[in-house]
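These notes concern the structure reproduced below.
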Amino acid sequence: APLIAPRADGVTLPTPLCDDAKVLAAVAGAGLPMVQIAPGSPAQGADAVGIDEYRAAFDMTLHLVGKGHRRIGFITGNPDQTCNALRLAGYEAALAEAGIAPDARLIAGGDYSYRSGLAAAEQLLGREDRPTALFASNDDMAAATVATANRMGLDVPGDLSVCGFDDTAIATMIWPQLSTVRQPIGAIASHATLLLIDAIRCKQEDQPRAVQHMILPYEIVERDSVKPLPGQG
């Protein structure tokens, strides 16, 4: 079956399609305008909309450091998605900024699924020198971390602070509600749609047009899943 409908005038590519080389080649080969949503790096000739994934992870990690945490674990996402590498790099850079020595034993691999978060959290929390805070690179895995901590008899946030990334619905459906990085999903979708409409119009009218790469603001959202260590502000 063809990847692209015969009557398509343009294509919006959300994650993970925006990083799929075969999909990008198919759209480019069809000569269609495309907008990537949250790509690791924009493809040649494509518009793109997202946030600064690296800086967002950097800021969230420093937020935990500011609460007195120094043993901060990290659960990675799907290694095939470029945003995963950016979030991990932001976490590692923030630790370096704070003068905290890197410890590979505090990093566990996930794939953005809830199930992978359960396994990764169990690995990290089963250590004798377990982390005092755990940053999961999406909210599903952070929610799984809270569930795993509860099953192991750990209180969140009393014994373990947990934070996620994205501010999806699950962040406020569990207790305690998750501190997380809020992506402006609505604004990203709106800008992507407007960019695609403009690109299609310019193509149909044979007008020159420069591609646009938009970086929108994110927000660190504080909720009840993060607590300062004793003696910290």
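The values are calculated or read from the model by the stated rules, or taken from the named source; none is laboratory data. In this text, all values refer to a predicted model and were calculated from it rather than measured experimentally. Using ideal geometry, Cβ is built from the backbone for each residue, glycine included, and neighbour counts are taken over all protein chains shown.
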- prompt: Can you find a residue in the stretch 65-72 that is buried (at least 23 other Cβ atoms within 10 Å of the Cβ) and touching a Cys at 6+ places or on another chain (Cβ under 7 Å)?
  reply: no
- prompt: For the stretch 74-81, does any single residue satisfy the condition of being modelled with pLDDT of 95 or more, surrounded by fewer than 16 Cβ atoms within 10 Å (Cβ to Cβ) and either under 22 Å from Lys227 (Cα atoms) or not small (Gly, Ala, Ser) (or both)?
  reply: no
- request: Assess whether Ala136 counts as being within 18 Å of Lys227 (Cβ to Cβ) and under 18 Å from the mean Cα position of the chain (by Cα).
  value: yes
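Looking at this structure, is Asp80 in contact with a Phe, Trp or Tyr (Cβ under 9 Å, 6 or more places away or on another chain) and not polar (S, T, N, Q)? Outline the logic, then answer.
Numbers: in contact with a Phe, Trp or Tyr (Cβ under 9 Å, 6 or more places away or on another chain): no; not polar (S, T, N, Q): yes.
When the stated conditions are applied, Asp80 does not pass them.
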field: Extreme residue, nearest to the chain's Cα centre (by Cα), among residues of the stretch 140-159 that are touching a residue at least 40 places away in the same chain (Cβ under 8 Å) and surrounded by fewer than 23 Cβ atoms within 10 Å (Cβ to Cβ)
entry: Pro157
